[in-house]
Amino acid sequence: MAMEKRSGYEYEGVGKGEDAGERKGGGKGSKKGGGGGGGSSAMMPCVMKFLTPEVLASAIIGKGGAVIAEMRTSCQAKLALTEHGEFYPSTDCRVLTAQANEKEQLTEVCRQISAKVVELAKGSSAEGVTGTEGELKLRTLVPRAAVGGIIGKGGGAIKQLRDSSGAKISISEAIGSGPGAEQTVSIQGSAQALEATLKEVNTQIQALNGESWFQSWASSTGVASVAGYSMPGNLTLPGQMPYRGGVGMHSPGVDVMMRVAQNLPPYVMEDSRGFALSCVVPNRLVGGLIGRGGQGTKEVQLHTGTKIGIRDIPGDSENRSMNIAGPLANTCAAYMLMMKRYLDAEAASANDGRSAPA
């Protein structure tokens, strides 16, 4: 099951969602390392959101949360990351939400994030922060109303921004409807190009922070919390033992699932932002999950109307991350179908092992 995460709650010492190893000296409500982090759930007036691949998220957090604590102090901003495995739909990126009282404080956040991208691009862990031609790459989430200001009448504003900054700028289709519907603005270029583009994006977003829909956009990360994060061949629901299949529609687990679905109010199933389920799968079973030529995942996507991505996990050579995004019911259906493929691949792998010559 999935539940939308709000970004207004974070650790003061480190960003929300860091594991115990990253939480040294700063649990929830802690006074250590705060520096403008703040434990309050109240939103500050100026807000920006960034998509951060794991390598960038780790660089922003730093050892023991030291880097993010220093960023909060120097920028006088709140910074919150979604948890490990909580990815923005159709990406392998965590969402970083930055809040501040003044637009200029967020400009400094943008500068420091760009500097982290530069550092990573010079090292061996540049995946997700460099483009195909080696340019620096960064993505930010922008409400549709602000995208209109970035593009300008007849595309004049974005053309001028591209020319003056030298940045390659692309904008995705909106997820949902209304002025707060989210669009991804992707930027590629030099550090100066990233900073110049982000400064304009910041200006356009904050020009709208007094609108009635703005706080709702600002407090939503668009990701989902997933029960049973890893996929060891079972699905765990909160407060229950793992469900391991059964006898089809007569299984008590299916009865629970149907009762929950039938009792959900319509707005949950119809939420236009969509939901995401993420899990970890071992490399040795990825071929069975995907199928020949990717046919397996293509069939599940076609059948359920979802998007499924399987990507490398930085620093983990034995596992990959699988992300399923789409409407809530469709996403859960796709997860179940992929679970079947997982179990079939696991069984086939076990049979191959038994039949192998000694």
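Here, each number is a calculation from the coordinates, and none is a lab measurement. Predicted model only: the values in this text are computed from it and were never measured. Backbone-built Cβ (ideal geometry, glycine too); neighbour counts: all protein chains shown.
Below is a table of values for the structure above.
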quantity	calculated
Sites Ser212 and Glu70 - FRET efficiency at Förster radius 35 Å, r taken between beta-carbons, to 0.05	0.50
Exposure proxy ranking, count of Cβ atoms within 10 Å, fewest first, for Ser164, Ser186	Ser164, Ser186
Packing-based exposure ordering (other Cβ within 10 Å, fewest first) of Lys298, Lys137, Lys307	Lys298, Lys307, Lys137
Cα gyration tensor shape for the stretch 38-174, rounded if a/c is under 1.5, else prolate or oblate	oblate
Set Lys122/Lys298; Lys103/Lys168; Lys49/Lys116; Lys78/Lys199 screened for pairs whose C-alpha atoms are more than 26 Å apart	Lys122/Lys298
Modelled FRET efficiency - R0 56 Å, Met258 with Ser164, Cβ distances, 0.05 increments	0.50
Unit charges on C-beta of K, R, D, E only; dipole of the stretch 118-165, Debye	320 debye
Least to most buried among Leu96, Leu208, Leu136 (fewest other Cβ within 10 Å first)	Leu208, Leu136, Leu96
Cut-off 16 Å (backbone N to label point 7 Å along Cα→Cβ of Ala115), residues of the stretch 69-102	69-77
Sequence-distant residues sharing a close amide H with Phe275 (under 5 Å, placed H)	Gly326, Leu328
